[in-house]
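The values are calculated or read from the model by the stated rules, or taken from the named source; none is laboratory data. Treat the numbers as computed from the prediction; the structure is a model and nothing was measured. So basically every Cβ, Gly included, is an ideal-geometry build from the backbone, and we count neighbours across all protein chains shown.
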Amino acid sequence: MPVVIVDGQEIEIGADERLNCIEAARRAGREIPHYCWHAGLTVVASCRMCLIETGQRDAATGKVTMVPKLVPGCQTPVRDGTVIVTESEKVKESRARVEEALLIDHPIDCPICDKAGECLLQDYHFEHGQAERRADIHPFTSRKRDVGPTVTLFVDRCIMCTRCVRFTREVSGTGELMVTSRGAKEEIDVFPGFPLDNKLAGNVVDLCPVGALGDKDFLYQQRVWFLKREANVCGGCSAGCSIHTEHNQDTVYRLKPRENPHVNRWWICDDGRYGWHHLHDDARILAAGRRLAPVGQTGRHAGNGQAAAAFQPVEWADVVTGLRADLARAGHLAVAVSPMLTVEEAWMLCAVARSIDPQAYLALGHVPVVGDDETFPGGFTIRAEKCPNRRGVEEVLAVYGAGGHGWDDLLAQVASGTVAAAWITAAYPPPAGDAADQHRADPAVSWIDEATAATFAGLQTLVVQDLFESPLSEVATWRLPAAGFAERAGTWINVAHHAQTFRQAIRPPAGVWPEGRLFWNMLGRRGLHDPVAVRRQLAESSATFAALAGDVPATGVDLRVRQLA
Amino acid sequence: MKPTDPSITWLEEKPLGLAERLYLPLFIQGLTVTARHLVSPKVTVSFPEQRPTVGNPLIYRGVHRLNRDPEGRVKCVACFLCATACPAHCIDIVATESPWPDREKYPESFQIDELRCIFCGMCEEACPVDAIELTSLLDLTGKSREEMIFDKEKLLSVYDMTKDAEPMKSASLGGTL
């Protein structure tokens, strides 16, 4: 195994690993500061922050020969015997000079800069810079440039690392951003008439090490040091990207990608990034309700206000008992298990349904599909299937001998008149709006049309569990609220059989129980709803989910790999 | 450090002397203190009929105010540093893009809950543009809790009210970020 010596410490690296000095030093617990280098982009070695001393140890004699001048760590690959010195006086002096040069032309407007608190320029200057300013110029201008529908560029804060430019060229493949002028007058810009408008545009804001690129959706909303972050999984499509949900006082402020080499690497798409606004939408169903009068007498299509008045609010304790009694009385039961539910919730729902009606017809809920899979040159794919857990629900249904039953099969069952009661779990977020208004989706556009909903009107009992009103909830006997993606805990299995476990990021609005909590109580289980206990139990009872038995790593596990082993 | 550490010197309480044990000398000493205060000048004032004098308004910590810049606009740039520094969490700011070209953002709403405030002056310390200051107004009363939540207009009006008596503490720094 090749050995690299980092500040006198010998570390072994893999024989076929191709690491640069920054990565090798990181293995030894040494952080080499860098701006322009990013593991997901090509190397340009332009910021000069990662300059270090390197050398080579002769394998035969053990004698070390150092390179006389400093080299950029990002551009220097390591091999057996490479010596890296990250903390010598020469290196420290170089870093202080780089910091000084960067700050000569930087408007030090940290108090009003949204990056303050997570800014590499701040962090590195604190650690490697000098306290006093020797330049006598104070270029405190802050020019703002609109580069796209979601991104604002603060021209003077830029340190010209060109990460954003490389991103649009290499990963999104759209190439909107460019560098204009030369030398001290270099600026990031777009061509007139070609704004930064692609599905991955938001990532340039995450890439920016300073406050030059601002996300319009988050700009001025909250200072970053107030935010708490929870490792979460995006529910926008079946890719299941790893994200951080950043929130404060049960309000989500932004979503950030979380590095996961197995799923999304460093990126997420803008549909996912801005796909949290529905969580705080006023139109959400916020209380469990039971219909007062039979459907028809209140006027099904009378509009939102009157439809809501047709439901009487029910305490959750009464929902737990009343729902079971109603469904048991009705007779043959059909259950749609939504692909928005977690594996644990789906499993408990199936158990609840079979305990009410041992012959209950279980099927996968409606799977929303929009367009085709969209793959970018950098390898990132946005899936057409706009739900995170179709695979997981299918596997759970297979455990209950209902594998292959889809939404259409359930509709056929209902139409044939063999079922008397149906329990439809939905929790579908509103579809993302068009490009001009992708921030706020329209909750009025429903996942189900009037004609399909009408086929359910003849049932004796119809339970609908959803985020928003829909034509289906208008004909429901029980209308129950559902939880949004950040409000649940559990496991989702993405399109590539990769299972990721996550915890609840924010509490749902008052009056809303996440689905899992209702199922837990309907099963008569004691204590608080505990998704981890359910997952362990599921993993013990089913070979498919065996890989989920222990603690699942933050990057998730591949269910198929463990099965083969 | 342990109690047995040699660098620590432990002092013992002195045993009572004869005068202490006789009790009477100390009793007379106490009476003398009382008598001296009986004849010394009074410092108590009959508030609110009589107004107390504030020693140095520059360091007095009374009701807050939001300063205006020379053009009469609110000086605050909505950086949230006062809200961050506040140990009582009594400052609530909503920031938005400013309508003026020379400023990036400004507070759309700025509220201080004067009932929660402990008048520590940390907000004044934290402010990078000297927009928030504590005046020497000390009689802060209201008829309801809502009334005691000062919004931006009220805080600006405190400035208008006190600016002549108490000029901006660091007027020479002026300007905005």
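When B:Leu81 is tested against (1) closer than 30 Å to B:Leu115 by Cβ; (2) touching a Leu at 6+ places or on another chain (Cβ under 7 Å); (3) of a type outside the set (S, T, N, Q), just one condition goes unmet, and that condition is (2).
Are any of the residues in segment A:234-254 within 14 Å of chain B (Cβ to nearest Cβ), farther than 20 Å from A:Gly40 by Cβ, surrounded by fewer than 21 Cβ atoms within 10 Å (Cβ to Cβ) and in contact with a helix residue (DSSP H, G or I) (Cβ under 6 Å, 6 or more places away or on another chain)? Looking through segment A:234-254, at least one residue is within 14 Å of chain B (Cβ to nearest Cβ), farther than 20 Å from A:Gly40 by Cβ, surrounded by fewer than 21 Cβ atoms within 10 Å (Cβ to Cβ) and in contact with a helix residue (DSSP H, G or I) (Cβ under 6 Å, 6 or more places away or on another chain).
Within segment A:418-431, residues that are closer than 15 Å to A:Pro471 by Cα have Cβ atoms under 7 Å from residues that are buried (at least 24 other Cβ atoms within 10 Å of the Cβ) and hydroxyl-bearing (Ser, Thr, Tyr) in these pairs: A:Thr425/A:Ser338; A:Ala426/A:Ser338; A:Ala427/A:Ser338, counting only partners at least 6 apart in sequence or on another chain. For B:Arg65, the requirement of being basic (Lys, Arg), in a loop (DSSP other than H, G, I, E, B) and surrounded by 10 or more Cβ atoms within 10 Å (Cβ to Cβ) is not met. Taking segment A:107-147 as the range and being more than 14 Å from chain B (Cβ to nearest Cβ), in a loop (DSSP other than H, G, I, E, B) and among the acidic types (Asp, Glu) as the test, the residues that pass are A:Glu118, A:Glu132, A:Asp136. One residue alone among A:Arg79, A:Arg48, A:Arg57, A:Arg18 is basic (Lys, Arg) and in contact with a Gly (Cβ under 8 Å, 6 or more places away or on another chain), and that residue is A:Arg57. Answer with yes or no whether A:Ala101 is among the hydrophobic types (A, V, I, L, M, F, W, C), free of Cβ contacts under 8 Å to residues at least 24 places away in the same chain and more than 30 Å from A:Arg254 (Cα to Cα). Yes: the conditions hold for A:Ala101. Out of curiosity, is B:Ser109 modelled with pLDDT of 95 or more, under 29 Å from A:Asp109 (Cα atoms), hydroxyl-bearing (Ser, Thr, Tyr) and in contact with a strand residue (DSSP E or B) (Cβ under 6 Å, 6 or more places away or on another chain)? For B:Ser109, the condition - modelled with pLDDT of 95 or more, under 29 Å from A:Asp109 (Cα atoms), hydroxyl-bearing (Ser, Thr, Tyr) and in contact with a strand residue (DSSP E or B) (Cβ under 6 Å, 6 or more places away or on another chain) - is met.
If you go through segment A:207-228 and pick out every residue that is buried (at least 17 other Cβ atoms within 10 Å of the Cβ), more than 14 Å from chain B (Cβ to nearest Cβ) and of a type outside the set (A, V, I, L, M, F, W, C), you end up with 1.
Within segment B:118-135, the set of residues being surrounded by 12 or more Cβ atoms within 10 Å (Cβ to Cβ) and charged (D, E, K, R) comprises B:Glu124, B:Asp130, B:Glu133. In this structure, A:Ile104 does satisfy being more than 14 Å from chain B (Cβ to nearest Cβ) and modelled with pLDDT under 95. May I ask you to say which residue of B:Leu115, B:Leu138 is surrounded by fewer than 16 Cβ atoms within 10 Å (Cβ to Cβ), closer than 24 Å to B:Met161 by Cα, touching a strand residue (DSSP E or B) at 6+ places or on another chain (Cβ under 9 Å) and more than 13 Å from every other protein chain (Cβ to nearest Cβ)? From the options B:Leu115, B:Leu138, the qualifying one is B:Leu115.
Can you give me the number of residues within segment B:68-98 that are away from chain A (no Cβ under 13 Å) and in a loop (DSSP other than H, G, I, E, B)? Of the residues in segment B:68-98, 8 are away from chain A (no Cβ under 13 Å) and in a loop (DSSP other than H, G, I, E, B). Note on segment A:368-418: among residues that are surrounded by fewer than 17 Cβ atoms within 10 Å (Cβ to Cβ), β-branched (Val, Ile, Thr) and not in a strand (DSSP E or B), the one that is farthest from the chain's Cα centre (by Cα) is A:Thr418.
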